[in-house]
Amino acid sequence: MTQHLPSTQESPGLRQSTPPSPVWAVLGSTGFIGARVCAGLKAAGITVRTVPAPRLKSAATDAAGILAEAEALGGVRSELAAALSGASVVINAAGLATPGGTDSPDLRGANSLLPVLIAEAADDAGVRRFVHLSSAAVQGHRQYLDETSYVQPFSAYSRSKALGERALAARTSRECSAVTVRATSVQGPGRPTTATLARLAASPLASVAGAGTAPSPVSSVGSLVQFIITVGQHTGRVPAVVLQPWERSTVAGVLEAAGGRRPVRLPAWLCRSALWCGYRLSSLAGERLHGPLRRLEMMWFGQRQEPGWAESTGNVPEPRVQEVLRSQRVREPARR
């Protein structure tokens, strides 16, 4: 009798079920960046769990004070940990994006206290990695951006973001890997600042300091989302602070892409003098002009970025900022 050997192929009833997709929790999912993070995660086959961010106020002005306030919020932390349970990665895209705003307990609560509370709750929930979105504005007016802990905040907004970074670094309980992503000047469809940039670039006011070859930190939301997903998925060590990679645009290139015309070239000394006067007048007015002045400074001089973790590991996302700015230029005339 011929002996039939068992087949090496699984019968339909014995096939292993497809493993469930990883769950990533996102706070700030209704914001400009958070909504696009959620869309990018879903496109990558990742299950998204949106978690409402608690509204917090903070009276603290240093990292120790932020940590003490977070410790006192045990009930909120427990509720947040329950909402994060089962997630492998948590992304904090929540916060108050008010570059021209003044200092307030709400600003510090959203940008300084909330990241620490989420990190503590992520530890309690057994989350593998916590990705916090900060801003390159924490390094202020220095000549270059990098991934060091050095900060030089110049406004209420950048100080609140820098305080959040310092408080995260001062935590002693770090069960999950916490990574701060410093986003640069992020542009994208539907963002008011992008529409404003396109209108300015198409106007006679579009100008650069000198030859206009200085690197610009203007970036695209698509590349930022890709970078955030890469950081979250990376199985190896990621530094505590990583900088959104440069998208290889110059200050003149940004204006030409957004406005379709060459910007005026101004003497660098004249631009620096105008900024010097402007910031001092703004300081007398409670820093109310710091936001517009910073945008003017970036238009004229840009800011160089030092290569960091993304460049050293081959995790630089595809540059998309030129495409974003050109598409915004096309949309602007249609609105008029």
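The values are calculated or read from the model by the stated rules, or taken from the named source; none is laboratory data. Small disclaimer: the values here were computed from a predicted structure and weren't measured. Heads up, the Cβs are rebuilt from the backbone with ideal geometry, glycines too, and the neighbour counts pull from every protein chain shown. Note: areas computed on protein heavy atoms with side chains; ligands, DNA, RNA excluded. Shrake-Rupley method; radii C 1.70, N 1.55, O 1.52, S 1.80 Å.
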Notebook entry, point to check: Once label points are set 7 Å from the Cα along Cα→Cβ at both A285 and E175, what is their separation, rounded to one decimal in nm?
Noted result: 4.9 nm
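So which trypsin sites (Lys or Arg not before Pro) in segment 124-208 pass both tests, a DSSP loop state and at most 15 other Cβ atoms within 10 Å of the Cβ? Mind showing how you got there, number by number?
On the way: sites: R128, R129, R142, R159, K161, R166, R171, R174, R182, R199; in loops: R128, R142, R171, R174.
Passing sites in segment 124-208 are R128, R142, R174.
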Notebook entry, point to check: Which residue fluctuates the most in the chain, going by a Gaussian network model with Cα springs under 10 Å, if the choices are Q233, Q303, Q322?
Noted result: Q233
Item checked: Gaussian network model of the chain, Cα within-10 Å springs - most flexible of S85, S312, S223 -> S312
Notebook entry, point to check: H141: accessible area at probe 1.4 Å, nearest 10 Å²?
Noted result: 80 Å²
Item checked: Rounded to the nearest 10 Å², the accessible area of T172 at probe 1.4 Å -> 140 Å²
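Under the rule a/c < 1.5 gives rounded, and otherwise a/b versus b/c splits prolate from oblate, where does segment 122-233 land using the Cα gyration tensor? Present the calculation step by step, with values, prior to reporting the outcome.
On the way: a/c = 2.61, a/b = 1.79, b/c = 1.45.
Here segment 122-233 falls in the prolate category.
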Margin query: Can you give me the C-alpha center-to-center distance between segment 79-106 and segment 206-255, rounded to a whole angstrom?
Written below: 22 Å
Next item on the list: Find how much the distance from C277 to H234 grows on full extension, using 0.36 nm per residue of separation minus their present alpha carbon separation; answer in nm with one decimal.
Entry: 10.9 nm
Check: How much of the accessible area of segment 23-159, probe 1.4 Å, is carbon plus sulfur, in whole percent?
Finding: 54 percent
Next item on the list: Run the accessible area of segment 190-258 with a 1.4 Å probe and give the carbon-and-sulfur part as a rounded percent.
Entry: 62 percent
Note to self: I need the P(r) histogram for segment 15-141: all alpha carbon pairs, bin width 10 Å from 0 out to the longest distance, whole percents.
What the structure shows: 13, 41, 32, 11, 2, 1
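For T213, T313, what's the largest-to-smallest order of accessible area, 1.4 Å probe? Walk me through the numbers before you get to the answer.
On the way: T213 105, T313 60 Å².
Solvent-accessible surface, decreasing: T213, T313.
Nearest 500 deg cm²/dmol is fine: what mean residue ellipticity at 222 nm does the chain get from its DSSP H runs of n ≥ 4 alone, each adding -39,500 (n - 2.57), divided by its residue count? Walk me through the numbers on the way to the answer.
On the way: 13 runs with 145 residues, N = 336.
Theoretical 222 nm ellipticity from helices: -13000 deg cm²/dmol.
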Check: Which residue fluctuates the most in the chain, going by a Gaussian network model with Cα springs under 10 Å, if the choices are V127, V238, V26?
Finding: V238
Notebook entry, point to check: Accessible area, 1.4 Å probe, largest first: how do W309, W276 sort?
Noted result: W276, W309
Next item on the list: Using only the Cα atoms of segment 271-336, build the gyration tensor, take square roots of its eigenvalues as a ≥ b ≥ c, and label the shape rounded, prolate or oblate: rounded if a/c is under 1.5, else prolate if a/b is larger than b/c, else oblate.
Entry: oblate
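Report the chymotrypsin sites (Phe, Trp or Tyr not before Pro) located in segment 134-175 that are in a DSSP loop and have at most 13 other Cβ atoms inside 10 Å of their Cβ, or state none. Mind showing how you got there, number by number?
Values: sites: Y144, Y150, F154, Y157; in loops: Y150, F154.
Loop-located and lightly packed - Y150.
Carbon and sulfur together cover what percent of the accessible area of segment 274-316 at a 1.4 Å probe radius? It would help to have the intermediate numbers written out before the result.
Details: 1460 of 2360 Å².
Carbon and sulfur together cover 62 percent of it.
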Notebook entry, point to check: If you roll a 1.4 Å probe over the heavy atoms of the protein chains, what accessible area per residue do you get for the chain, in Å²?
Noted result: 49 Å²
